[in-house]
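Asker: Quick one: the structure is below, questions incoming.
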There are 2 protein chains.
Amino acid sequence: MALAHDYTDVQYLPAPPKAADTATGLFRLSVSMTFAKDEEIYGQDEDADLIYRVLDGAVRTTRVMADGRRQIGDFYLAGDIFGLEAGPAHRFAAEAVRDSVILVIKASTLRSSGGDVGRLGWEATRRELERAQEHVIMLGRKTACERVASFLKDLSDKSGDLRVVDLPMGRQDIADYLGLTIETVSRMLSQLQASRIVSFCAIRQFRIVNPAGLARLANQTL
Amino acid sequence: MALAHDYTDVQYLPAPPKAADTATGLFRLSVSMTFAKDEEIYGQDEDADLIYRVLDGAVRTTRVMADGRRQIGDFYLAGDIFGLEAGPAHRFAAEAVRDSVILVIKASTLRSSGGDVGRLGWEATRRELERAQEHVIMLGRKTACERVASFLKDLSDKSGDLRVVDLPMGRQDIADYLGLTIETVSRMLSQLQASRIVSFCAIRQFRIVNPAGLARLANQTL
DNA sequence: TCTGCGCCTTGATGCGGATCAAGGCTGCCG
DNA sequence: CGGCAGCCTTGATCCGCATCAAGGCGCAGA
């Protein structure tokens with residue numbers, strides 16, 4: 001990550017675009033950076049001195065085993081905070097899923113501040129934990145079909161638009177998030193479309209035709 | 001959970017036994033409770049007003065799907081803190097793996113206190129997150145053999161004794177933690193013993209014969 | 001417009017772990 | 001000491017997903 005070459009500004013920024021969460025205040029004094037598709041934002045084992053927020057685009061956190069097996073920890077879309085999934089060093093790398101604009105703040109600023117700001121960091125960490133735990137359920141006990149259905153449902157729950165949902169990531173990323181292969185993901189998507197649960201308008205955009213059916217297949221426990 | 005029937009004391013307790021962590025201070029004003037094997041400590045969806053610490057025994061957090069599939073979120077041994085894996089309500093239930101003594105503290109006490117104490121809560125949450133993320137890697141991309149090897153290695157890393165390690169939980173609990181069946185866990189344990197990696201002295205106690213071999217099979221990425 | 005490449009889909013086959021089934025071991029209680 | 005119940009192991013078979021293989025589709029650049 002080259003800190004100097006592409007930062008655009010250091011300033012008091014206006015409130016970020018999708019300010020529907022509690023953490024907006026944390027990012028007032030921050031640097032905005034742009035990353036190209038597949039560019040690394042930080043590496044596995046790198047020092048975790050910074051905390052990040054997606055302004056525009058999408059980010060994935062990944063871990064690669066010695067033999068090349070890859071697991072995606074999570075995806076982050078506009079408004080999401082990432083990078084606090086660590087102790088002193090990052091345990092996952094972070095990469096831009098597509099061209100993205102990211103706000104960056106020093107972690108030490110956040111950690112040292114008491115009261116409200118510190119509590120917001122804790123809240124954000126707790127949300128991360130909840131998502132990781134849902135992910136554990138998914139990978140431990142759900143079938144391929146249930147995983148893909150859960151994934152589409154989660155994505156639609158996050159996106160504001162109730163009609164049409166965008167998939168910012170490719171099939172391989174979905175597979176590596178769900179602990180499946182690209183072929184299985186593709187087959188499940190075809191199957192969901194064939195059974196009139198969802199309908200793909202484009203390769204990375206779908207409508208939910210039967211929300212109740214999707215929820216049933218997703219088999220959420222909470 | 002019956003708060004009244006089995007608490008033993010409300011007092012300033014002496015430092016807990018294995019005080020090798022930073023969180024000891026949090027539990028000075030706490031209630032000690034005992035739970036029988038398989039007794040519920042708190043339920044899924046229950047309010048998360050309390051935080052817990054294992055004094056003696058072992059605890060599991062579980063989530064059960066509508067059709068009975070069960071996933072164990074994590075195990076907690078003497079000295080471990082649990083119960084902060086939640087927003088307003090618990091997303092997993094907690095149960096005693098065997099007869100256990102648990103210290104309990106009001107979460108609100110912890111959350112409202114600023115400075116050091118609040119930060120310790122955050123640290124504990126972050127450790128939980130790290131463990132959940134390792135669990136995701138395991139369930140998403142490791143084979144049955146790698147999962148069992150990782151499990152035994154983790155347990156031995158946690159236990160002080162380098163020679164002999166106790167398994168506090170039964171095979172079914174291990175299976176539900178690793179996203180496998182009891183039969184597969186049993187087969188992998190037999191296989192590890194046959195290949196002289198570990199050796200079982202009793203059904204729930206083993207020695208690591210070949211630590212390097214175990215580490216290789218575990219395939220840890222960090 | 002044509003061509004090539006990246007990404008996706010679909011089909012055929014194989015394998016790892018689930019499921020089904022049958023005992024064995026151990027500890028408890030008569 | 002014998003019988004029973006819970007837990008664990010082992011074997012046989014099955015199935016869901018991985019792997020291997022072969023195109024299809026769409027976009028970018030000549």
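The values are calculated or read from the model by the stated rules, or taken from the named source; none is laboratory data. Since the model is a prediction, treat every value here as computed from it, not as a measurement. Positions of Cβ are backbone-derived with ideal geometry, glycine not excepted, and every protein chain shown enters the neighbour counts. These area figures cover heavy atoms from the full protein model, side chains too; ligands, DNA and RNA do not enter into them. Shrake-Rupley method; radii C 1.70, N 1.55, O 1.52, S 1.80 Å.
Asker: From the list B:Ala124, B:Ala132, B:Ala149, exactly one residue is at pLDDT below 95, crowded, with 18+ Cβ neighbours inside 10 Å and part of a helix (DSSP H, G or I). Which is it? Working first, answer last.
Answerer: On the way: B:Ala132 fails: at pLDDT below 95; B:Ala149 fails: at pLDDT below 95.
Unique residue meeting the criteria: B:Ala124.
Asker: If I filter region B:71-96 down to residues being part of a strand (DSSP E or B), more than 12 Å from the chain's Cα centre (by Cα) and surrounded by 18 or more Cβ atoms within 10 Å (Cβ to Cβ), which single residue comes out as nearest to the other protein chains (Cβ to nearest Cβ)?
Answerer: Start the filter on region B:71-96 by keeping residues that are part of a strand (DSSP E or B), which leaves B:71-77, B:81-82, B:89, B:93-96.
Next cut, more than 12 Å from the chain's Cα centre (by Cα) only: B:71, B:89, B:93.
Next, from what is left, pick out any that are surrounded by 18 or more Cβ atoms within 10 Å (Cβ to Cβ): B:71, B:93.
On the way: B:Gln71: 4, B:Ala93: 11 Å.
Looking at residues that are part of a strand (DSSP E or B), more than 12 Å from the chain's Cα centre (by Cα) and surrounded by 18 or more Cβ atoms within 10 Å (Cβ to Cβ), I get B:Gln71.
Asker: Kindly provide the set of residues from region B:180-193 that are more than 6 Å from DNA strand D (Cβ to nearest atom) and open to solvent by 20 Å² or more (accessible area, probe 1.4 Å), ordered by number. Talk me through it step by step, then tell me what you get.
Answerer: If we filter region B:180-193 for residues that are more than 6 Å from DNA strand D (Cβ to nearest atom), which is where we start, we get B:180-181, B:184-185, B:188, B:191-193.
If the condition is that a residue be more than 6 Å from DNA strand D (Cβ to nearest atom) and open to solvent by 20 Å² or more (accessible area, probe 1.4 Å), then B:Leu180, B:Thr181, B:Thr184, B:Met188, B:Gln191, B:Gln193 are the ones that fit.
Asker: Name the residue that is farthest from the other protein chains (Cβ to nearest Cβ), counting only residues in region B:50-62 that are in contact with a Lys or Arg (Cβ under 7 Å, 6 or more places away or on another chain) and open to solvent by less than 10 Å² (accessible area, probe 1.4 Å). Reasoning before the result, please.
Answerer: Residues of region B:50-62 that are in contact with a Lys or Arg (Cβ under 7 Å, 6 or more places away or on another chain), as a first pass: B:50, B:57-58, B:62.
Retained after the next criterion (residues that are open to solvent by less than 10 Å² (accessible area, probe 1.4 Å)): B:57-58, B:62.
Working: B:Gly57: 23, B:Ala58: 19, B:Thr62: 10 Å.
The residue in question is B:Gly57.
Asker: Here are the criteria: (1) within 14 Å of chain B (Cβ to nearest Cβ); (2) charged (D, E, K, R); (3) away from DNA strand C (no atom under 12 Å from the Cβ). Tell me which single one A:Arg141 does not satisfy.
Answerer: Unmet for A:Arg141, out of (1) within 14 Å of chain B (Cβ to nearest Cβ); (2) charged (D, E, K, R); (3) away from DNA strand C (no atom under 12 Å from the Cβ): (3).
Asker: Filtering region B:194-222 down to residues that are in a helix (DSSP H, G or I) and away from DNA strand D (no atom under 15 Å from the Cβ), which residue is farthest from the other protein chains (Cβ to nearest Cβ)? Break it down into steps so the answer makes sense when it comes.
Answerer: Step one: filter region B:194-222 for residues in a helix (DSSP H, G or I), giving B:194, B:211-218.
Subsequent filtering for residues that are away from DNA strand D (no atom under 15 Å from the Cβ) retains B:211-218.
Working: B:Pro211: 18, B:Ala212: 15, B:Gly213: 16, B:Leu214: 16, B:Ala215: 12, B:Arg216: 10, B:Leu217: 13, B:Ala218: 11 Å.
Out of the qualifying residues, it is B:Pro211.
Asker: If you don't mind, there's one more thing I want to ask. Say we look at region B:146-181 and pick out the residues that are within 11 Å of DNA strand C (Cβ to nearest atom) and within 14 Å of another protein chain (Cβ to nearest Cβ); which of these is nearest to A:Leu178 (Cα to Cα)?
Answerer: Once the filter is applied, the top-ranked residue is B:Gly179.
Asker: Where residues in region B:155-171 are open to solvent by less than 60 Å² (accessible area, probe 1.4 Å) and in a helix (DSSP H, G or I), which of them is nearest to DNA strand D (Cβ to nearest atom)?
Answerer: Narrowing region B:155-171 to residues open to solvent by less than 60 Å² (accessible area, probe 1.4 Å): B:155-156, B:159, B:164-165, B:167-171.
Okay, now just the ones that are also in a helix (DSSP H, G or I), so B:155-156, B:171.
Numbers: B:Leu155: 14, B:Ser156: 17, B:Arg171: 4 Å.
If we take residues in region B:155-171 being open to solvent by less than 60 Å² (accessible area, probe 1.4 Å) and in a helix (DSSP H, G or I), then B:Arg171 is nearest to DNA strand D (Cβ to nearest atom).
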